[in-house]
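Report on the following structure.
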Amino acid sequence: MGGGRWWNPAVAGALLAAAVLAGCASPPAQLQQADQVAHALVRQQQQALGQVADFQLSPVRRALRQRLLQQQGWPVAAAPAVDPDTAAPAEAADGPLLLSLPLALEIAAGYSRDYQLQKEQLFQTALALDLEQERFRTSWRGLLGSLWAQDRSQRPILQGLQHSGDLALTRQLRQGASLAAGLALDLVQLLSGDRLVSRGLVADASISVPLLRGAGQAVVTEPLQQAERDLLYGLWSFDRYRRSFAVAVASSYLQVLERNNQVRTAHDNYQRLIDSRRRARRLADAGRLPEVQVDQALQDELRARSRWVQARQNSLDALDRFKLQLGLPTDAQLALDDAELARLQQSLAAALTDRADDGTAEKALLRLALRQRRDLLVARGEVEDARRAIGVAEDALRAELTLLGQAQAGESRSLGQASQDDARLRPARGQYSALLQLDLALERTAERNALRNRWIDLQQAVRAVEALEDNVKYEVRSAWRRLHEARETIAIEQQAVLVARRRVTSTSLFLRAGRIQMRDALEAEDALVAANNALVAAQVQYAIARMQLQRDLDVLEPDVAGQWLLTDWHPPQEQP
């Protein structure tokens, strides 16, 4: 008979509730665990690649954004909760936030929505790898239940509770075999009559071993291997994106500075033309200059004012676009550090002395790019992935031969068996079975078509590598040509500025002496404005072309201080 009436339903309910609460982690704890796993996988892959950059998935910062809007008094459509942002720079409430280039890069990395999206995609790739790794871990499952039942088919009527608990584990081996084991406990208590209690206990285990189709580590672990390579590809892609992003932000920063310089140049030219018009007026009043030349001076003054107003609007528009690129509101008051442009001009002083042999340097650059480019590494890896996929598709065409084994010992209990003795595990009285199952592979149309598609995928992957190599060579050659063009343009515009200055000085003297007309002096002023703007534009374009060449070679290493921009870079030379 059973063990008596010791089983209390209240106790069973309490135990069940305690087990449920103990097995359920809170959502914040689950999120923290997911973060730890994904970050650990990314760090492991970074260490394998020799990378030292610290990858952390953090929410988009809003503290700087909110302070800029609130302290500067700009309207907002919504007021989301401000996230803690200890790294946000301090700013004054009564003036614009001054952005140096390093600070702009730091803000862009923390606030850019596209940059955050790239990090999230890499993070999700790591989570996908964790899910594939889970397939080869020991997986546990627990199930608790409590059933009230009434059996009116018997006399007296049976009424009682049946509590059950199942504990099972499964394990997928890398060679293909699958293992499963479980332990089930039943506790049956009658609520009528003698209130008998009986316990059921069942243990079972099974194994499935593929012998043909689906057997072997290469086939079984292919999804896991692909997930590992996807994380590697994600790191390579993010690494390249990080370089391209830094170049894009720095280029936009310099272009805004160039626009600001055009504003200053246009304003200075406008002031000089005001002086020229006044001087023309005095000469005309003295009878030394025709009235028509006074009108010419006035027309040029008005055109200069129009150019100044237009340059100022273009500068503000470029600054707003830059704010959007940083992830900041366009109405926030920001100012860029004009000293960055002066430092850039100083760093370019030695640019004209670099006269490396174009053909020799170009070959070295192409070899470096083909070795360094992360997107090329990804494309070449995808070719290997396509070859492995062919092997898996060929395996799917084989016959399926599976060995199945199962063992079970013990007995379960139901409501009608409450009067029986407690069950015991007796392996000698267990049930054992083995099955050898063969699928003759008479129908493999889907698998055949899949194999054909995998071969097509391989051919496409090979062509993609060839096309990317050609594009890489084009990008490097084009960037190299732009760099040389910008360098030569700097030399030309430096001479043009000297000539324009001499021309302005001489025409001013000749005009006072009455030896030239007002139009000649005005044209000299316009030429000086154009030469100054062209020189600054050439210097900015040279810096951008230099960064783009390093980006296309995947040798750019932006640091926190932004010194990579201000340091002149020389291409490698081809070894003889």
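Miscellaneous remarks
- Condition check for residue 195: modelled with pLDDT under 90 and at positive phi: yes
- Taking the range 311-338 as the range and being in a helix (DSSP H, G or I) and free of Cβ contacts under 8 Å to residues at least 12 places away in the same chain as the test, the residues that pass are 313, 316, 317, 320, 323, 324.
- Which listed residue, of 493, 485, is among the acidic types (Asp, Glu) and buried (at least 20 other Cβ atoms within 10 Å of the Cβ): 493
- Taken together, the residues in the range 277-292 that are surrounded by 18 or more Cβ atoms within 10 Å (Cβ to Cβ) and farther than 20 Å from residue 523 by Cα amount to 0.
- Residue check, residue 413 out of contact with any helix residue (DSSP H, G or I) (no Cβ under 6 Å at 6 or more places or on another chain), surrounded by 11 or more Cβ atoms within 10 Å (Cβ to Cβ), basic (Lys, Arg) and at pLDDT 95 or above: no
- If the condition is being under 15 Å from the mean Cα position of the chain (by Cα), buried (at least 18 other Cβ atoms within 10 Å of the Cβ) and not hydroxyl-bearing (Ser, Thr, Tyr), then the range 99-115 contributes 108, 109, 110.
- Scan of the range 438-447 for residues that are surrounded by 11 or more Cβ atoms within 10 Å (Cβ to Cβ) and either in a strand (DSSP E or B) or over 40 Å from the mean Cα position of the chain (by Cα) (or both), ordered by number: 438, 439, 441, 444
- Which listed residue is touching a helix residue (DSSP H, G or I) at 6+ places or on another chain (Cβ under 9 Å) and either surrounded by fewer than 18 Cβ atoms within 10 Å (Cβ to Cβ) or among the basic types (Lys, Arg) (or both), from 244, 252, 237: 244
- Residue in the range 428-437 that is closer than 22 Å to residue 217 by Cβ, modelled with pLDDT of 90 or more and among the hydroxyl-bearing types (Ser, Thr, Tyr) present: no
- Cβ pairs under 8 Å, 6+ apart, first in the range 477-490 and aromatic (Phe, Trp, Tyr), second part of a helix (DSSP H, G or I): 480/358; 480/361; 480/362; 480/365; 480/549
- Of all the residues in the range 136-170, those that are of a type in the set (Lys, Arg) and surrounded by 15 or more Cβ atoms within 10 Å (Cβ to Cβ) number 0.
- Any hit, the range 423-435, residues being of a type outside the set (Asp, Glu), crowded, with 17+ Cβ neighbours inside 10 Å and in contact (Cβ under 8 Å) with a residue 60 or more places away in the chain: yes
- Hey, residue 250 assigned to a helix (DSSP H, G or I), farther than 30 Å from residue 41 by Cβ and not assigned by TED's automatic domain parsing to the domain that holds residue 416 or not: yes
- When residue 407 is tested against (1) farther than 20 Å from residue 204 by Cα; (2) surrounded by 15 or more Cβ atoms within 10 Å (Cβ to Cβ), just one condition goes unmet, and that condition is (1).
- Residues (among the hydroxyl-bearing types (Ser, Thr, Tyr) and either outside any helix (DSSP H, G or I) or closer than 25 Å to residue 373 by Cα (or both)) located in the range 448-495: 474, 478
- Cβ-Cβ under 8 Å pairs, at least 6 apart or on other chains, the range 280-304 side over 27 Å from residue 263 (Cα atoms), far side among the aromatic types (Phe, Trp, Tyr) and crowded, with 19+ Cβ neighbours inside 10 Å: none
- The residue of the range 119-157 that is modelled with the lowest pLDDT, among those that are among the β-branched types (Val, Ile, Thr) and under 30 Å from residue 57 (Cα atoms), is 138.
The values are calculated or read from the model by the stated rules, or taken from the named source; none is laboratory data. What you are looking at is a predicted structure, and each value in this text was computed from that prediction instead of being measured. So basically every Cβ, Gly included, is an ideal-geometry build from the backbone, and we count neighbours across all protein chains shown.
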